[in-house]
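A short worksheet on the structure shown next.
The values are calculated or read from the model by the stated rules, or taken from the named source; none is laboratory data. None of these values were measured; they are calculated from a predicted model. Note that we place each Cβ from the backbone using ideal geometry, even for glycine, and neighbour counts take in every protein chain shown.
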Amino acid sequence: MRRHSIAVIPGDGIGKEVTPAAMMVLERAARRHGFVLDAETYPWNCDYYVETGRMMPKDGLEKLRRHDAIFLGALGNPALVPDHIALRESLLLWRQAFDLYINLRPVKVLPGIPGPLKERPGLSVDMVFIRENSEGEYAGIGGRLRQGGDDEVAIQTTVFTRKGVERVMRYAFEEARRRPRKLLACATKSNALNYTMVFWDEVCAEVAKEYPDVEVRKYHVDALAARMISAPETLDVVVTSNLFGDILTDLGGALQGSLGLPAGGNLDPERRNPSLFEPVHGSAPDIAGRGIANPMAAVWAGSLMLDFLGETEAAREVMEALEAVAAEGRVLTPDLGGSATTEEVAKAIADKLG
């Protein structure tokens, strides 16, 4: 029997609610398709930081490295730990330590979910964002000088390497080649960022020569944000830098109708290290503990994880079940206009699996 070792980190806030709900769906899918998810749960979050002064133990990376994948709920509780500390010592650290250089973010409007573009019936929104995930604007290089003074200085340095940009471009071109439209949008801002983004554009043009079957369109990031609203049907695969992708995919989440829907994968395509999968809605402390958090993003992230682990049919069935529940519109959480609980939505999805 096939077995996959999963590190489960529920984290903070609603992560503690949506993670077990999604795992219930994934375990149902595993039983149906004859494989086992060997899940080990780690209690690493902001409470752990308050107790220990760390977001994870000193051997945390070694513990995670033993697994095939990491399934994350949400991290962050600003009332206990500033976000720039919590994320820098957990998610951002894992992305860099494990070289999870691809951030995969599908942006798809599900049937039955009334997004902000609902007045345009028949509109199809189905994009995939490929975001550089380990360097760029989030490299963490910089510093502050003369803090608190009138002449204080803060510097944050963006880092683009040829290796880093080439590999994210090549992954994006491969993804575009696999999809029917064979269309790639490259997000840039080379009219203003005359070093990093000009370099980004040049590498994109070089890699494009290897993929003559893929049509490439270059957009300045501000114009691309506008196009996501005015003409989302013209976009398919989008490749972006770390910061631009972070912003644009949250806009994509809004297009989907709720931040309770977007899911993401942080990937090491070479599979040297465990890849990480997560709903991207954050810990939502305002609704934590009420049992009303939407588990669909976590289930969607779980489907991405199953697909990456090679359980393609199970991943497809999980997404079909999720879409069926969304289309019926009977069992939805309050963010989607319903009154169901987190557990009720997860159970409805699991029941669609049989």
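Looking only at region 165-182, decide whether some residue is of a type in the set (Val, Ile, Thr) and either touching a Gly at 6+ places or on another chain (Cβ under 6 Å) or not in a helix (DSSP H, G or I) (or both).
No; the residues of region 165-182 include none that is of a type in the set (Val, Ile, Thr) and either touching a Gly at 6+ places or on another chain (Cβ under 6 Å) or not in a helix (DSSP H, G or I) (or both).
Could we say that Ala321 is assigned to a helix (DSSP H, G or I), in contact (Cβ under 8 Å) with a residue 24 or more places away in the chain and touching a His at 6+ places or on another chain (Cβ under 7 Å) here?
no
Does region 303-312 contain at least one residue that is part of a helix (DSSP H, G or I), more than 14 Å from Pro279 (Cβ to Cβ), in the same structural domain as Val8 (by TED's automatic domain parsing) and of a type in the set (Asp, Glu)?
yes
I'd like to verify a number: residues in region 245-264 that are more than 27 Å from Gly337 (Cβ to Cβ) and surrounded by 22 or more Cβ atoms within 10 Å (Cβ to Cβ), how many?
Within region 245-264, residues that are more than 27 Å from Gly337 (Cβ to Cβ) and surrounded by 22 or more Cβ atoms within 10 Å (Cβ to Cβ) number 1.
Collect the residues in region 260-309 that are charged (D, E, K, R) and modelled with pLDDT of 95 or more, keeping them in residue-number order.
Answer for region 260-309, where residues must be charged (D, E, K, R) and modelled with pLDDT of 95 or more: Asp268, Glu270, Arg271, Arg272, Glu278, Arg290, Asp307.
Would you please name the residue that is nearest to Ser283 (Cα to Cα), looking only at residues in region 1-43 that are under 19 Å from the mean Cα position of the chain (by Cα) and in a strand (DSSP E or B)?
Gly11
For every residue, the table says whether it meets (1) under 28 Å from Thr240 (Cα atoms); (2) out of contact with any Cys (no Cβ under 7 Å at 6 or more places or on another chain); (3) surrounded by fewer than 20 Cβ atoms within 10 Å (Cβ to Cβ).
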residue: Ser5; (1), (2), (3): no, yes, yes
residue: Gly13; (1), (2), (3): no, yes, no
residue: Glu17; (1), (2), (3): no, yes, no
residue: Gly34; (1), (2), (3): no, yes, yes
residue: Cys46; (1), (2), (3): no, yes, no
residue: Arg54; (1), (2), (3): no, yes, yes
residue: Pro82; (1), (2), (3): yes, yes, yes
residue: Leu93; (1), (2), (3): yes, yes, yes
residue: Arg105; (1), (2), (3): yes, yes, no
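Which of the strands (runs of 3 or more DSSP E) contained wholly in region 201-281 include at least 2 residues that are of a type in the set (Val, Ile, Thr)?
Those strands (runs of 3 or more DSSP E) span 237-240.
Within the bounds of region 152-166, is there any residue that is over 30 Å from Gly329 (Cβ atoms) and among the aromatic types (Phe, Trp, Tyr)?
yes
Any residue that is in contact (Cβ under 8 Å) with a residue 12 or more places away in the chain, outside any loop (DSSP other than H, G, I, E, B) and among the acidic types (Asp, Glu) - is there at least one of those in region 106-129?
yes
Confirm whether Val25 is closer than 28 Å to Ala326 by Cα and surrounded by fewer than 22 Cβ atoms within 10 Å (Cβ to Cβ).
Judged against the criteria, Val25 is not a match.
Just checking, how many residues over region 339-354 are at negative phi and assigned to a loop (DSSP other than H, G, I, E, B)?
4
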